[in-house]
Amino acid sequence: MTRMPMIAALLVLVAGCQSGKLGGFGDDDTAATDDDSTTEETIPGASDPEPDSRLIADIVTWPCGGSDGTAPYLGAYALTTTLEYAPDGLQEFTLPPEGECASGVSMFPQDAGNAGADIDGTPQWVTTWGQGVMERHTPGYYYADLLGNQHSCQNLDEMLGTGISITDAGPLTGVSTPAAGTVTAVNVDDDQVSQGLSFGDPLDLSWQADDWESSWVQIRMERDGYAYDSVLCNTTGLAEFTLTEDVWSLLDEELSVEVINLYVGLQNTDVQELESGLKVDVITRAMYVGVIQD
């Protein structure tokens, strides 16, 4: 079923580029203790200088307020989290340089890649308002849908004011995502996005949001909810963006798809070092999606 945004010119922020459906130490000081040696031997990746794991919290937003006299804002339509563990082989996950666009950037990992390795334990997600089990989908890749069909109008910074923490996850226990910021609105012509974009059409959009480190805009050519081509633009430091001919030229106009979708994303990121010695990329994202496909 396809759900359209509920307020015409006031749309909600989202973070999202990807090829998937909505729906990651040691020290070289002289004498290492027995505990240090044990950690390096039993926890793959614990002596690596780069992260071997990644934890992502994704919030898809939708319009809330307004009808009862309260000011319109964006609440949480959906909330999911993914955990990857891939010693020595964590897949690359970076935005283009600020102000630039790139095609084919995957923003939604579907597995942990060839280096994916299962962890000791059954990961649990924990927030200030609930907890639950993360499902293992493939080696080293775990997923949880925190809201299911219960869409929320809770403010994003209230829902994830302290992020999502992971427990019962062996050496990854204790990792948590950054706190979410706030998103008041994404302003865009609803007639241009609610049924999907028309290839090549210019589009002006802007957003009001606070306490986010970076932002991006993605155009996704989708079939059955999956992206078969996409372009991602790093809009960090901006509050408005225009889709121009230069952006459209990075996509394949001849590709047969069901919808050309718009994503607007805000995100906070960090790298956490755990007691186990592992480093983990942690990311919290809020995303506006023009056409949400369940």
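The values are calculated or read from the model by the stated rules, or taken from the named source; none is laboratory data. Keep in mind the model is a prediction, meaning the values are calculated, not measured. Virtual Cβ from ideal backbone geometry, glycine too; neighbours counted across all protein chains shown.
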> In the set ALA71, ALA112, which member is under 26 Å from ALA209 (Cα atoms) and among the small types (Gly, Ala, Ser)?
Replying inline: ALA71
>> Taking the conditions exactly as written (buried (at least 24 other Cβ atoms within 10 Å of the Cβ), of a type in the set (Gly, Ala, Ser) and touching a Pro at 6+ places or on another chain (Cβ under 8 Å)), does GLY290 satisfy them or not?
In response: yes
> Given the conditions (1) surrounded by 15 or more Cβ atoms within 10 Å (Cβ to Cβ); (2) in a loop (DSSP other than H, G, I, E, B), which single one is not true for TYR228?
Replying inline: (2)
> Out of all the residues in the stretch 147-154, is one or more touching a Ser or Thr at 6+ places or on another chain (Cβ under 9 Å) and either at positive phi or not in a loop (DSSP other than H, G, I, E, B) (or both)?
Replying inline: no
>> Let me confirm something: among VAL175, VAL183, which residue is surrounded by 19 or more Cβ atoms within 10 Å (Cβ to Cβ) and closer than 22 Å to GLN293 by Cα?
In response: VAL183
> What are the residues in the stretch 87-105 that are under 29 Å from MET221 (Cα atoms) and touching an Asp or Glu at 6+ places or on another chain (Cβ under 9 Å), if any?
Replying inline: GLY89, LEU90, GLN91, PHE93, CYS101, SER103, GLY104
> Is it the case that some residue within the stretch 103-121 is more than 29 Å from GLY290 (Cβ to Cβ) and touching a Ser or Thr at 6+ places or on another chain (Cβ under 7 Å)?
Replying inline: yes
>> When you check PRO72 against the structure, is it out of contact with any His (no Cβ under 6 Å at 6 or more places or on another chain) and at pLDDT 90 or above, yes or no?
In response: no
> Looking at the stretch 249-262, which of its residues are farther than 25 Å from THR61 by Cβ and surrounded by 12 or more Cβ atoms within 10 Å (Cβ to Cβ)?
Replying inline: SER249, LEU250, ASP252, LEU255
> Of the conditions (1) over 19 Å from the mean Cα position of the chain (by Cα); (2) of a type in the set (S, T, N, Q); (3) buried (at least 22 other Cβ atoms within 10 Å of the Cβ), GLN150 fails just one. Which one is it?
Replying inline: (3)
> Can you tell me which of SER176, SER198, SER206 is under 30 Å from ILE43 (Cα atoms) and either touching a Ser or Thr at 6+ places or on another chain (Cβ under 8 Å) or at pLDDT 95 or above (or both)?
Replying inline: SER176
>> Which residue is farthest from the chain's Cα centre (by Cα), if the candidates are limited to the stretch 97-114 and must be farther than 16 Å from LEU55 by Cα and small (Gly, Ala, Ser)?
In response: GLY99
>> Considering only residues that are modelled with pLDDT of 95 or more and among the aliphatic types (A, V, I, L, M), which ones fall in the stretch 213-240?
In response: VAL217, ILE219, MET221, VAL231, LEU232, LEU238, ALA239
> Which number in (1) touching an Asp or Glu at 6+ places or on another chain (Cβ under 6 Å); (2) farther than 30 Å from GLY89 by Cα marks the one condition that ASN234 misses?
Replying inline: (2)
> Taking the stretch 238-294, which residues are in a strand (DSSP E or B) and more than 19 Å from the chain's Cα centre (by Cα)?
Replying inline: GLU240, PHE241, THR242, LEU243, VAL259, ILE260, GLU273
>> I'm trying to understand the selection: among the residues of the stretch 220-235, which are closer than 13 Å to VAL257 by Cβ and in contact with a Phe, Trp or Tyr (Cβ under 8 Å, 6 or more places away or on another chain)?
In response: ARG220, MET221, GLU222
>> Please count how many residues of the stretch 212-225 are surrounded by fewer than 17 Cβ atoms within 10 Å (Cβ to Cβ) and part of a strand (DSSP E or B).
In response: 1
